[in-house]
Amino acid sequence: MDKIIVEERQGNPTIKKSKKRNLKKLYLESYGCQMNFSDSEIVASILDKHGYQTTRNFLESDLILLNTCSIREKAETTVRTRLKSFNKIKKNNPKLIVGMLGCMAERMKESLLEQEKLVDLVVGPDAYRDLPNLIQEVEGGQKSVNVLLSREETYADISPVRLDNNGVSGFISIMRGCDNMCSFCVVPFTRGRERSRSPLTIVAEAKQLYDQGYKEVTLLGQNVDSYRWNINKKGEKIEESNPTTNFSELLEMVALVASDLRIRFSTSHPKDMTDDVIHTMNKHKNICNYIHLPVQSGSSKILKKMNRGYTREWYLDRIQSIRKIIPDCAISTDIITGFCDESQEDFKDTLSLMKKVKFDFSYMFFYSERPKTLAERKYEDNVPEKIKRTRLQRVIDLQREHSILSNNSCVGKVMEVLIDGVSKKSDLDFRGRNSENHKVVFPRENATIGTYVNVLIEKCTSATLIGKIV
Ligand code: SAH
Ligand code: SF4
Ligand code: F3S
């Protein structure tokens, strides 16, 4: 599971303003998906207005917040271990407040707040505006909780404090929650009903990022293809006087902000991704040639049990459409091994689908049963862990072969790369991404972070393209 530690902000005018106030220090750690990282930026913004400055050193903080993830059991175990270690620090510093945000909030509030007493504060994903009040309650000696989910909250008016500190690529949440109820997935329970954010606020946020020097934005939602503004699920207008916007139209609106602002988006859903979206991608050069299209399984029987709303054939048809409209589009996926009742035959269907599509990248997991989900209530988690893991390893090995194929196909080509930082392995090299989302590493020359350069790809590993600026 990803984890980042928030960097201290520099040169941010709001900090300078708030320095006049009695400053407190906030240490914020995020787990899970990009939506959670994006939410942490909203939290930092809300608390900035209440005198909290972020720090990367938890030992000097007054408030520690963990923005948590519930997607698999392991994610929850990691957070619990981390909370225990913060609890030790609290023994020497009784004024320190430790809080839990995000997707574990609803599920774990009783055990972590009341029974184990690991946290003072529990706040769910739709209740962040209430954080300042809740912190005050804790300062007054109480434990505080707000895990109410909302049908309306999109934090559309809050300008996030960017915590990534590369200043090149930023996230914009375009919707919240999920209505899909895939039978394995906890997200609809932790984040509530799906709701879309006004397109004008999304475009304004993209413009603001561009004006601040950002060169790439990623539009985020659990299922971006079901983004709809002023349209109901039947496709009818909700308010006659206002225009409607679907995802393909939103994508175009954001692409028109600036021709040198790259646009990415995640996550697309195979059941809802229309050719419109692919055509819009093809029409605008600054929309990256990359689609993350989670398949989960290659077996129609398992997909039905997962309640994904498509079959193997439907998925392959979506891939065919992408390849027809944008032949060089990179495609990645998510795969789960060992879901309930997955037989050896079903698993072979996953391998054969992978061989047909040859994904450029994949995120691969073994099934982890989650409380409250349909699968937990109705199906038996009957594939032994050992088999889940063996199947996962086979999927990982096969993906590695495909990633090498994908990277090899770039060797010898000149590709436009957006530089997003210094290579982790050598200070003498920069790193960046091409439109297809491959990681590229090359000697710095006289280039600068946040600019586009043309790189001749000379060689590759399964994870990285290596080249030189031309
Ligand atoms: N909204 C996205 C996925 C969000 S969760 C979509 O619909 O594709 C990210 C990934 O975690 C999922 O695609 C799935 O592959 C994995 N995942 C979700 N629940 C899981 C579970 N219970 N066990 C294992 N992996 C899971
Ligand atoms: Fe979970 Fe399915 Fe929603 Fe993705 S689409 S968040 S997998 S319920
Ligand atoms: Fe995890 Fe919540 Fe995202 S469960 S994957 S942080 S939506």
* Structure fact -> Set Lys413/Lys459; Lys285/Lys358; Lys24/Lys49, cut-off 19 Å on Cα-Cα distance; pairs above it are Lys285/Lys358
* Thr461/Leu351 FRET efficiency (R0 25 Å; Cβ-Cβ; nearest 0.05) -> 0.60
* Footprinting exposure proxy for Asp272, Asp157 (fewest neighbouring C-beta atoms within 10 Å first) -> Asp157, Asp272
* **Equivalent ellipsoid, segment 169-408 (semi-axes from 5 times Cα gyration tensor eigenvalues, Å)** => 32, 22, 16
* Asked: Along its principal axes, what span do the Cα atoms of segment 414-469 show, with the longest given first and each in whole Å?
  -> 25, 21, 16
* Asked: Given labels modelled 7 Å from the Cα in the Cβ direction, how far is it in nm from Asp341 to Lys468?
  -> 5.9
* **Cβ-based exposure ranking for Met100, Met181, Met364, in which fewest neighbours within 10 Å come first** => Met181, Met364, Met100
* Asked: Within segment 127-211, which trypsin sites (Lys or Arg not before Pro) sit in a loop by DSSP and count at most 11 neighbouring Cβ atoms inside 10 Å?
  -> Arg151
* Compute the relative contact order of segment 306-455 as a whole-number percentage, counting only Cα pairs closer than 8 Å that sit 6 or more residues apart in sequence. => 19
* Asked: Among the listed pairs Lys74/Lys372; Lys305/Lys348; Lys348/Lys372, which are separated by more than 20 Å between their Cα atoms?
  -> Lys348/Lys372
* Under 10 Å, Cβ to Cβ, from Glu73 - net charge with Lys/Arg +1 and Asp/Glu -1 -> +1
* Quick one: which residues, 5+ away or cross-chain, put their amide H under 5 Å from the amide H of Ile287? H built at 1.01 Å from N. => Ile263
* How high is the relative contact order of the chain, given as a whole-number percent (alpha carbon pairs under 8 Å, six or more residues apart)? -> 10
* Dipole magnitude of segment 169-408 about its Cα centre, charges +1 at Lys/Arg Cβ and -1 at Asp/Glu Cβ only, in debye to the nearest 20? -> 360
* To do: Please report, in debye to the nearest 20, how large the charge dipole of the chain is about its Cα centre when each Lys and Arg carries +1 at its beta carbon and each Asp and Glu carries -1 there.
  => 880
* Asked: Cross-link partners among aspartates and glutamates for Lys388, C-alpha distance below 13 Å, same-chain residues fewer than 8 apart left out?
  -> Asp341, Glu342, Asp346, Glu369
* To do: Treat each spin label as a single point 7 Å out from the Cα along the C-beta direction, and report the Arg151 to Asn408 distance in nm.
  => 5.5
* Take Asp346, Asp62, Asp39 and order them by how many other Cβ atoms sit within 10 Å, fewest up front. => Asp62, Asp346, Asp39
* Considering Cα pairs under 8 angstrom that are at least six residues apart, work out the relative contact order of segment 169-408 and quote it in whole percent. => 18
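Coordinate-derived values only; no laboratory data. Predicted model, so just to flag it, every value in this text is computed and none were measured. Here Cβ is always computed from backbone atoms with ideal geometry, including for glycine, and neighbour counts include all displayed protein chains.
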